[in-house]
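J.: Take this structure, written in structure tokens, and hold onto it; I'll ask about it next.
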Amino acid sequence: MTVVASSEAVMPVVLTDQRFLQAWSDGMSKEMAALGLGLVLLASAALADDARDCMQDKDSDLAIRACTMLIKADAGNPSLYNRRGNAYRAKGNYDEAVADHTRAIDIDPQSAVAFSNRCFDFVHKMEADKAIADCSKAIELNPKFPVAYFNRGMAFERKRAYDQAIADHSKAIEINPKLARAYNARAWTYFKAGKAALGLPDAQKALELRPDDPALLDTRGHILEALGKRKEAIADFRQALAKDPSLKESIAAMKRLKVKP
């Protein structure tokens, strides 16, 4: 995953890597259904608007404001804390994210989604052991939840426990063969483990599933560079930057390769 990441063997891991900052929605249908059901019961059109804003993931500040308004109306709904926590994480406010996901757990201790969300918060806080504990609890609650395996794999990767990370990403793929970022994560983990050639098929598969994702192009670019395929790597980095000019890992790669974007 490019990691998660990013660059690893060639460059340091960057926690702000866009590849892994997005909130994972897979497996959250029950949480969203619960939120949607609550909205149906709300008479206020304003609250309905807040609900849409809370659930969207394009504007984190808007989501936080909207979710906060909804929490005032329905403080016992764990889905609202899950959504606001994800928005806080997207902004890099990890302590606030942990607090919200902890509140969701307090309300519903059987929520695999809330434990998985807090797990991912701890991944970003570089607290891998706490992350592994939370994701393991999520898996205990729901053994068929692919995102929990993905998030735990990210935590294992942070600890450089590459075999365990690969095993978790493989399980996520087994449960959901269309989870592009799990293929990307496994590709990146192979890369970090010094086995770039093993990661290339996964990078290709991830792009087959999400051809317009710049983060996945960046991952393949790093793998191609590690395999000595400089021209192909540069093409991937350029394409990634054409889609997202702010992608730090691709920018650094182009500088490292001494070429212009």
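J.: I'd like to verify a number: residues in segment 159-187 that are touching a residue at least 60 places away in the same chain (Cβ under 8 Å) and within 19 Å of Phe122 (Cβ to Cβ), how many?
T.: Qualifying residue count, segment 159-187: 2.
J.: Only one of these conditions is not met by Lys58: (1) in contact (Cβ under 8 Å) with a residue 12 or more places away in the chain; (2) surrounded by fewer than 22 Cβ atoms within 10 Å (Cβ to Cβ); (3) of a type in the set (Lys, Arg). Which number is it?
T.: So Lys58 meets the others, but not (1).
J.: Kindly provide the set of residues from segment 90-111 that are without any contact (Cβ under 8 Å) to a residue 40 or more places away in the chain and either buried (at least 24 other Cβ atoms within 10 Å of the Cβ) or closer than 21 Å to Asp59 by Cα (or both), ordered by number.
T.: Correct list: Lys91, Asn93, Tyr94, Asp95, Glu96, Ala97, Val98, Ala99, Asp100, His101, Ala104.
J.: Could you check segment 106-190 for helices (runs of 4 or more DSSP H) lying wholly inside it with 1 or more residues that are aromatic (Phe, Trp, Tyr) and either modelled with pLDDT under 95 or touching a helix residue (DSSP H, G or I) at 6+ places or on another chain (Cβ under 8 Å) (or both)?
T.: Fully inside segment 106-190 and qualifying: 112-124, 146-158, 162-175.
J.: Quick check on my filter: what residues within segment 164-217 are within 20 Å of Ile132 (Cα to Cα) and aliphatic (A, V, I, L, M)?
T.: Ala165, Ile166, Ala167, Ala172, Ile173, Ile175, Ala182, Ala185, Ala193
J.: Being touching a His at 6+ places or on another chain (Cβ under 6 Å) and not aromatic (Phe, Trp, Tyr) is true for just one of Asn86, Asn117. Which residue is that?
T.: Step by step, each of Asn86, Asn117 is checked, and only Asn117 is touching a His at 6+ places or on another chain (Cβ under 6 Å) and not aromatic (Phe, Trp, Tyr).
The values are calculated or read from the model by the stated rules, or taken from the named source; none is laboratory data. This structure is a prediction, so every number in the text was calculated from the model and none was measured. Glycine also receives a Cβ, built like all others from the backbone with ideal geometry; neighbour counts cover every protein chain displayed.
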